[in-house]
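Contents: one structure, followed by commentary.
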Amino acid sequence: VQLQASGGGLVQAGDSLRLSCKASGDTFDIYSLAWFRQAPGREREFVASISWNTYSTHYVDSVKGRFTISRDNPENTLYLQLTNLKPEDTAVYYCAADQSPYKPKYKTTDMRDWGRGTLVTVSS
(Lines give C-alpha, C1' and ligand atoms only; values in the text may rest on other atoms or scores of the structure.)
Protein backbone atom coordinates (compact mmCIF):
# COMPACT_ATOMS: atom_id res chain seq x y z
CA VAL A 1 0.00 0.00 0.00
CA GLN A 2 1.18 3.54 -0.77
CA LEU A 3 1.01 6.03 2.08
CA GLN A 4 1.12 9.82 2.12
CA ALA A 5 1.31 11.71 5.40
CA SER A 6 0.28 15.33 5.81
CA GLY A 7 -0.75 17.85 8.43
CA GLY A 8 2.54 18.78 10.02
CA GLY A 9 3.57 22.34 10.73
CA LEU A 10 5.11 24.85 13.11
CA VAL A 11 3.16 25.30 16.33
CA GLN A 12 3.73 26.56 19.85
CA ALA A 13 3.94 24.44 22.96
CA GLY A 14 0.44 23.52 24.12
CA ASP A 15 -1.06 23.67 20.64
CA SER A 16 -2.72 20.84 18.72
CA LEU A 17 -2.34 19.31 15.27
CA ARG A 18 -4.00 16.50 13.37
CA LEU A 19 -1.85 14.40 11.10
CA SER A 20 -3.40 12.41 8.27
CA CYS A 21 -2.10 9.50 6.26
CA LYS A 22 -3.93 8.68 3.05
CA ALA A 23 -3.49 5.18 1.66
CA SER A 24 -3.90 3.88 -1.86
CA GLY A 25 -3.13 0.84 -3.92
CA ASP A 26 -4.40 -1.99 -1.73
CA THR A 27 -7.21 -3.04 0.59
CA PHE A 28 -6.69 -0.66 3.48
CA ASP A 29 -8.67 -2.37 6.18
CA ILE A 30 -6.53 -5.50 6.33
CA TYR A 31 -3.51 -3.57 7.53
CA SER A 32 -2.30 -2.85 11.01
CA LEU A 33 -1.15 0.75 11.10
CA ALA A 34 1.26 2.78 13.14
CA TRP A 35 2.86 6.18 13.53
CA PHE A 36 6.56 6.61 14.13
CA ARG A 37 8.65 9.74 14.55
CA GLN A 38 12.26 10.71 14.10
CA ALA A 39 13.75 13.70 15.85
CA PRO A 40 16.96 15.33 14.57
CA GLY A 41 19.96 13.18 15.40
CA ARG A 42 17.86 10.38 16.86
CA GLU A 43 16.60 7.02 15.71
CA ARG A 44 13.07 6.57 14.43
CA GLU A 45 10.79 5.58 17.29
CA PHE A 46 7.36 4.04 17.64
CA VAL A 47 4.57 6.43 18.66
CA ALA A 48 1.22 4.67 18.33
CA SER A 49 -0.52 1.75 16.63
CA ILE A 50 -4.04 0.70 15.74
CA SER A 51 -5.51 -2.62 14.69
CA TRP A 52 -7.43 -3.11 11.46
CA ASN A 53 -10.81 -3.02 13.23
CA THR A 54 -9.86 -0.07 15.54
CA TYR A 55 -10.53 -2.20 18.61
CA SER A 56 -6.92 -2.07 19.76
CA THR A 57 -4.60 0.89 20.12
CA HIS A 58 -1.28 1.36 21.85
CA TYR A 59 0.91 4.37 22.63
CA VAL A 60 4.44 5.03 23.75
CA ASP A 61 4.40 6.30 27.32
CA SER A 62 5.59 9.80 26.40
CA VAL A 63 2.45 10.55 24.36
CA LYS A 64 -0.23 8.74 26.36
CA GLY A 65 -3.11 11.07 27.18
CA ARG A 66 -1.95 13.63 24.59
CA PHE A 67 -2.04 11.80 21.25
CA THR A 68 -4.90 9.79 19.75
CA ILE A 69 -4.59 7.39 16.84
CA SER A 70 -7.63 6.59 14.72
CA ARG A 71 -8.50 5.33 11.27
CA ASP A 72 -11.33 5.67 8.78
CA ASN A 73 -11.30 2.50 6.72
CA PRO A 74 -13.89 3.59 4.13
CA GLU A 75 -11.79 6.72 3.54
CA ASN A 76 -8.49 4.80 3.55
CA THR A 77 -7.08 7.27 6.04
CA LEU A 78 -5.11 7.04 9.26
CA TYR A 79 -5.03 9.91 11.73
CA LEU A 80 -2.97 11.06 14.66
CA GLN A 81 -4.44 13.80 16.84
CA LEU A 82 -1.68 15.60 18.74
CA THR A 83 -2.65 17.79 21.68
CA ASN A 84 -0.71 19.65 24.39
CA LEU A 85 2.34 19.53 22.16
CA LYS A 86 5.78 19.88 23.72
CA PRO A 87 9.09 20.92 22.17
CA GLU A 88 10.31 17.33 22.58
CA ASP A 89 7.56 16.23 20.17
CA THR A 90 9.43 17.98 17.36
CA ALA A 91 10.15 15.34 14.73
CA VAL A 92 9.28 14.04 11.30
CA TYR A 93 6.22 11.84 11.73
CA TYR A 94 5.82 8.76 9.56
CA CYS A 95 2.86 6.50 8.99
CA ALA A 96 3.47 2.82 8.36
CA ALA A 97 1.49 -0.29 7.53
CA ASP A 98 1.88 -4.03 7.73
CA GLN A 99 -0.34 -7.02 6.98
CA SER A 100 0.90 -9.18 9.81
CA PRO A 101 -1.39 -9.70 12.84
CA TYR A 102 -1.65 -6.68 15.09
CA LYS A 103 0.65 -6.30 18.05
CA PRO A 104 0.78 -3.33 20.41
CA LYS A 105 4.31 -2.08 19.87
CA TYR A 106 6.18 -2.17 16.59
CA LYS A 107 9.77 -1.84 15.59
CA THR A 108 10.64 -0.10 12.34
CA THR A 109 11.65 -3.48 10.90
CA ASP A 110 8.14 -4.82 11.52
CA MET A 111 6.52 -2.45 9.03
CA ARG A 112 6.44 -3.16 5.33
CA ASP A 113 5.11 0.06 3.89
CA TRP A 114 6.03 3.64 4.83
CA GLY A 115 4.87 7.11 3.99
CA ARG A 116 7.31 9.96 3.35
CA GLY A 117 6.75 11.76 6.62
CA THR A 118 5.48 15.13 7.73
CA LEU A 119 7.45 17.56 9.91
CA VAL A 120 6.08 18.75 13.22
CA THR A 121 7.98 21.57 14.90
CA VAL A 122 6.98 22.72 18.36
CA SER A 123 8.44 25.96 19.66
CA SER A 124 8.68 26.76 23.36
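The values are calculated or read from the model by the stated rules, or taken from the named source; none is laboratory data. Values in this document were obtained by computation on a predicted structure and should not be read as measured data. Reconstructed Cβ throughout: ideal geometry from the backbone, glycine too, with neighbour counts over all protein chains shown. Note: areas computed on protein heavy atoms with side chains; ligands, DNA, RNA excluded. Shrake-Rupley method; radii C 1.70, N 1.55, O 1.52, S 1.80 Å.
Here are a few things to note about the model shown:
- Residues in the range 1-34 that are within 16 Å of Trp114 (Cα to Cα), at pLDDT 95 or above and in contact with a helix residue (DSSP H, G or I) (Cβ under 9 Å, 6 or more places away or on another chain): Ala34 only.
- Screening Asp113 against (1) surrounded by fewer than 22 Cβ atoms within 10 Å (Cβ to Cβ); (2) over 24 Å from Val1 (Cα atoms); (3) not aliphatic (A, V, I, L, M) leaves a single unmet condition, (2).
Conditions tested, residue by residue: (1) in a loop (DSSP other than H, G, I, E, B); (2) over 25 Å from Gln2 (Cβ atoms); (3) open to solvent by 50 Å² or more (accessible area, probe 1.4 Å).
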| site | (1), (2), (3) |
| --- | --- |
| Tyr55 | yes, yes, yes |
| His58 | no, no, yes |
| Tyr79 | no, no, no |
| Glu88 | no, yes, yes |
| Tyr94 | no, no, no |
| Tyr102 | yes, no, yes |
| Lys105 | yes, no, yes |
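- Of all the numbered requirements in (1) farther than 22 Å from Phe28 by Cβ; (2) open to solvent by 60 Å² or more (accessible area, probe 1.4 Å), Val122 misses one, and that requirement is (2).
- Any hit, the range 67-74, residues being in contact with an Asp or Glu (Cβ under 8 Å, 6 or more places away or on another chain) and charged (D, E, K, R): no
- Residues within the range 1-19 that are surrounded by 13 or more Cβ atoms within 10 Å (Cβ to Cβ) and assigned to a loop (DSSP other than H, G, I, E, B), tallied: 5
- Residue within the range 54-77 that is of a type in the set (Phe, Trp, Tyr) and either in contact with a helix residue (DSSP H, G or I) (Cβ under 8 Å, 6 or more places away or on another chain) or within 14 Å of Val122 (Cα to Cα) (or both) present: no
- Test: residue in the range 26-35 that is of a type outside the set (Gly, Ala, Ser), part of a strand (DSSP E or B) and crowded, with 17+ Cβ neighbours inside 10 Å: yes
- Evaluation of Asp72 against the conditions (1) within 22 Å of Gly9 (Cβ to Cβ); (2) in contact (Cβ under 8 Å) with a residue 60 or more places away in the chain shows that the sole unmet condition is (2).
- In the range 60-77, the residues that are open to solvent by 30 Å² or more (accessible area, probe 1.4 Å) and under 11 Å from the mean Cα position of the chain (by Cα): Thr68, Ser70
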